[in-house]
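Everything on this sheet refers to the single structure shown next.
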Amino acid sequence: MSSESPKLRVQFAHGLESSPQGSKARLLAAHFAACTPAMDTRVFSSCVHVHAETLRSFQPDVLIGSSFGGAVVVELLRRGLWKGPTLLLAQAALHYDPSATLPEGVPVTLVHGRNDDIVNIEDSRRLSRTGSPELVELLERDDDHPLSRLVESGELIKLVQQVAAGKPAQVR
């Protein structure tokens, strides 16, 4: 018997073009105790509700949002429903609410690809200047909107572990 520590509990809010069976969701499920609730992405408020309920029942260690799911996560943060380690991947919060900001006191790491042709990287730059400066970090990557390199290389797994541990991101 190994004395392996319990798996990190990761809640994932997928993007518009994804699902609980998408590549990020599958990768997270392979490495963590992951929960990726299905969302009807046609109704933003219902997606926020689904994730608010999941937060209460699943009680994750880390909350992750990708693109549209990033907008959902930022809304959960705004409402004070989550204050723990957060990872935003090519987040689209400013698309849904141009006045979106990160709350004070919440550790948030944003990752955005410089070659993103769906969501402008400037949105993540702007969002990363809100919240508590000592707790917010933006990682700009030579990657596309789905952050394919981050996912395919497995670096996403290391990043989730670092975010959960409250360590500055070392993945490059």
Next item on the list: Can you give me the number of residues within region 17-44 that are touching a residue at least 60 places away in the same chain (Cβ under 8 Å) and touching a Ser or Thr at 6+ places or on another chain (Cβ under 8 Å)?
Entry: 2
Margin query: Can you pull out every residue in region 45-97 that is more than 22 Å from residue 161 (Cβ to Cβ) and without any contact (Cβ under 8 Å) to a residue 24 or more places away in the chain?
Written below: 45, 46, 49, 50, 53, 56, 57, 80
Notebook entry, point to check: Of the residues that make up region 36-58, is at least one surrounded by 21 or more Cβ atoms within 10 Å (Cβ to Cβ) and more than 20 Å from residue 90 (Cα to Cα)?
Noted result: no
Notebook entry, point to check: Could you count how many residues in region 129-160 are within 15 Å of residue 115 (Cα to Cα) and assigned to a loop (DSSP other than H, G, I, E, B)?
Noted result: 6
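Here's the yes/no breakdown for (1) over 20 Å from residue 61 (Cβ atoms); (2) at pLDDT 95 or above; (3) under 14 Å from the mean Cα position of the chain (by Cα); (4) of a type in the set (Phe, Trp, Tyr):
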residue	(1), (2), (3), (4)
130	yes, yes, no, no
144	yes, yes, no, no
149	yes, yes, no, no
152	yes, no, no, no
156	no, yes, yes, no
159	no, yes, yes, no
167	no, no, no, no
170	no, no, no, no
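The values are calculated or read from the model by the stated rules, or taken from the named source; none is laboratory data. On a predicted model such as this, the values are computed, not experimentally measured, just so you know. Cβ: placed from backbone, ideal geometry, glycine included. Neighbour counts: every protein chain shown.
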